[in-house]
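The values are calculated or read from the model by the stated rules, or taken from the named source; none is laboratory data. Only a predicted model underlies this, so the values are computations on that prediction, with no experimental measurement involved. Here the Cβ positions follow ideal geometry from the backbone for every residue, glycine too, while neighbour counts run over all protein chains shown. The area values use the complete protein model at the heavy-atom level, side chains included, leaving out ligands, DNA and RNA. Shrake-Rupley method; radii C 1.70, N 1.55, O 1.52, S 1.80 Å.
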Amino acid sequence: QVQLVESGGGLVQPGGSLRLSCAASGSILSTNVMSWHRQGPGQQREFVAYLTGSDSTVYADSVKGRFTISRDNAKNTVYLQMGSLKPEDTAVYYCKYCSAGSCYWGQGTQVTVSS
């Protein structure tokens with residue numbers, strides 16, 4: 001069984017930065033893909049970024065150049081460094097891990113970008 005716990009969300013002003021963390025426990029393989037997704041108010045959940053076991057990354061166009069995904073395998077933790085935040089980045093952010101045909105989600109962490 002895999003458990004994912006996100007943290008690091010909060011209220012930040014436009015142009016500010018936040019770092020989200022996703023701590024994983026259970027049968028985690030560092031070779032598998034970890035990803036971040038988000039769901040804004042009244043919107044569908046959307047992809048933000050993913051990171052492969054070989055450290056290849058892919059970002060949604062809306063966050064490219066502003067967000068960075070990374071991992072610390074020793075801590076079983078994936079991070080999402082977010083910069084130049086905009087009000088449209090306001091959402092609940094979720095991490096996701098998939099292995100052997102099953103995918104697991106965390107409970108989410110709220111990010112609010114507002115002055």
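Values computed for the structure shown
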{"quantity": "Which listed residue is of a type outside the set (Asp, Glu), under 13 Å from the mean Cα position of the chain (by Cα) and closer than 13 Å to Thr109 by Cβ, from Leu4, Leu51, Leu11", "calculated": "Leu4"}
{"quantity": "Members of the stretch 63-115 that are in a strand (DSSP E or B), of a type outside the set (A, V, I, L, M, F, W, C) and surrounded by 21 or more Cβ atoms within 10 Å (Cβ to Cβ)", "calculated": "Tyr93, Tyr94, Tyr97, Thr109"}
{"quantity": "Residue list for the stretch 21-43, filter: open to solvent by less than 30 Å² (accessible area, probe 1.4 Å) and either modelled with pLDDT of 95 or more or hydroxyl-bearing (Ser, Thr, Tyr) (or both)", "calculated": "Ser21, Cys22, Ser35, Trp36, His37, Arg38, Gly40"}
{"quantity": "The listed residue being open to solvent by less than 30 Å² (accessible area, probe 1.4 Å), modelled with pLDDT of 95 or more and farther than 19 Å from Thr31 by Cα, out of Ala49, Ala60", "calculated": "Ala60"}
{"quantity": "Asp55 vs. criteria open to solvent by less than 60 Å² (accessible area, probe 1.4 Å) and of a type in the set (D, E, K, R)", "calculated": "no"}
{"quantity": "Test for Ser114: is it within 21 Å of Val12 (Cα to Cα) and of a type in the set (Ser, Thr, Tyr)", "calculated": "yes"}
{"quantity": "Of all residues in the stretch 13-25 being out of contact with any helix residue (DSSP H, G or I) (no Cβ under 8 Å at 6 or more places or on another chain) and without any contact (Cβ under 8 Å) to a residue 60 or more places away in the chain, the one that is farthest from Ser102 (Cα to Cα)", "calculated": "Ser21"}
{"quantity": "Total residues in the stretch 3-20, condition more than 18 Å from Ile69 (Cα to Cα) and either touching a Cys at 6+ places or on another chain (Cβ under 9 Å) or at pLDDT below 90 (or both)", "calculated": "0"}
{"quantity": "Subset of the stretch 1-20 (residues that are open to solvent by less than 50 Å² (accessible area, probe 1.4 Å) and part of a strand (DSSP E or B))", "calculated": "Val2, Leu4, Glu6, Gly10, Val12, Leu18, Leu20"}
{"quantity": "So Val58, is it touching a strand residue (DSSP E or B) at 6+ places or on another chain (Cβ under 8 Å) and in contact (Cβ under 8 Å) with a residue 60 or more places away in the chain", "calculated": "no"}
